[in-house]
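Notes to accompany the following structure.
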Amino acid sequence: MSVTIKTPEEIEILREGGKRLAYILHEVAKAVKPGVSTLELNKLAIKLVEENGDKAAFLNYRPPGVKRAYPAAICVSINDAIVHGIPNENPQIIKEGDIVSLDMGLNHKGLFTDSAITVAVGSVDEAALKLMDATETALVEGISAVKPGNHIRDISYAIERYVRPLRYGIVEELCGHGVGYKPHEDPYIPNYCLEDQGEKLKVGMVLAIEPMLNEGSKHITQDDDDYTYRTADGKRSAHFEHTVVVTKDGFEILTQV
């Protein structure tokens with residue numbers, strides 16, 4: 001495992017990129033309404049990225065072991081889709097009561113940030129609101145464990161400790177990760193505890209922390225499109241993510257306006 005440390009100059013670029021990414025996600029989230037196509041959301045994301053002269057990190061990115069490159073700028077995952085839903089292939093029309101995950105990476109001056117939010121469409125039921133709130137709070141809990149001298153396992157433990165009493169399924173096959181020089185770097189950041197304590201956190205590490213919680217079981221399936229993951233029982237899933245940097249005092253969230 002090779003975990004990279006970013007310089008203060010690189011962190012400043014990531015800070016600006018993170019703000020830009022947060023703005024784009026906020027604007028795309030405002031466009032999530034009944035009757036809107038996922039294709040429209042992708043077009044809007046591309047427009048907002050290009051206006052600032054940046055690049056969409058996921059567009060044409062091919063993760064190791066995947067047969068083809070991802071064909072869109074943003075991942076749009078609806079209801080039982082957990083992550084990596086493709087918005088511009090067989091586009092879906094968003095409906096009242098849906099919950100929609102928006103996951104996006106940005107390449108600003110050659111450095112990468114990554115963030116995700118889940119949006120309620122119109123009037124959604126109480127169970128959906130609780131799932132979304134729990135997932136966002138799990139992210140806050142995980143981030144709160146970030147400080148020099150702690151380990152990756154402390155982040156995982158903070159998330160799992162909060163989630164377990166709520167009885168949501170914690171997705172195990174998908175996880176957070178390092179980010180900065182590439183869209184995905186070491187270390188692997190699971191949302192549940194492993195015996196291995198993982199890497200020690202050091203000042204200058206940049207991490208994408210991203211809990212994914214399911215209403216039902218933790219088990220997942222993958223669509224034939226090579227990317228979209230869904231809950232195996234068809235129940236809903238929520239996803240929140242921030243890119244953070246380890247600082248001498250703890251952490252700084254980079255992907256917020």
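None of the figures in this text is laboratory data; all of them are computed from the coordinates on show. Every value quoted in this text rests on a predicted model; they were computed, and no experiment measured them. Quick reminder, even Gly has a Cβ in these numbers, built from the backbone with ideal geometry, and neighbours come from all protein chains shown.
Values as computed for the structure displayed
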| quantity | calculated |
| --- | --- |
| Sorted by Cβ density within 10 Å, fewest first, the residues Met132, Met212 | Met132, Met212 |
| Linear extension gain, Lys182 paired with Asn52, 0.36 nm per residue minus alpha-carbon span | 44.8 nm |
| Cβ charges +1 (Lys, Arg) and -1 (Asp, Glu), total dipole of the range 8-253, debye | 160 |
| Local electrostatic count at Ile86 - Lys and Arg +1, Asp and Glu -1, tallied over other residues with Cβ under 13 Å | -4 |
| For a label point 7 Å along the Cα-to-beta-carbon line of Glu89, residues of the range 217-248 with backbone N under 14 Å | 222-229 |
| Given 12 as the ceiling on other Cβ atoms within 10 Å, longest exposed-site-free region of the chain for GluC sites (Glu not before Pro) in DSSP loops | 1-95 |
| Radius, Kirkwood style, for the chain when every pair of distinct Cα atoms is counted (Å) | 18.0 |
| Residue order, fewest to most beta carbons within 10 Å, for His108, His219, His239 | His219, His108, His239 |
| Distant-in-sequence amide H partners of Asn60 (H built 1.01 Å from N, under 5 Å) | Tyr70, Ala72 |
| Rounded Å value of the spacing that divides the Cα centres of the range 1-43 and the range 147-162 | 24 |
| Spin-label zone in the range 220-257 - amide nitrogen under 20 Å from a point set 7 Å from the Cα of Glu173 along the C-beta vector | 220-240 |
| Kirkwood-type radius of the range 105-257, with distances r between different C-alpha atoms, in Å | 15.8 |
| GNM result for the chain, Cα springs below 10 Å: residue of Leu213, Leu102, Leu59 fluctuating most strongly | Leu59 |
| Relative exposure of Tyr70, Tyr181, judged by other C-beta atoms within 10 Å (fewest first) | Tyr181, Tyr70 |
| Choice from Ala158, Ala232, Ala22 showing the highest fluctuation, given a GNM over the chain with Cα pairs closer than 10 Å | Ala232 |
| Additional length obtainable on full extension of the chain from Lys200 to Arg68, 0.36 nm per residue less Cα span | 44.1 nm |
| Under-5 Å amide H pairs with Val119, H placed in peptide plane, nonlocal only | Val100, Ser101, Leu102 |
| Cα centroid separation, the range 172-196 to the range 112-130 (Å) | 22 |
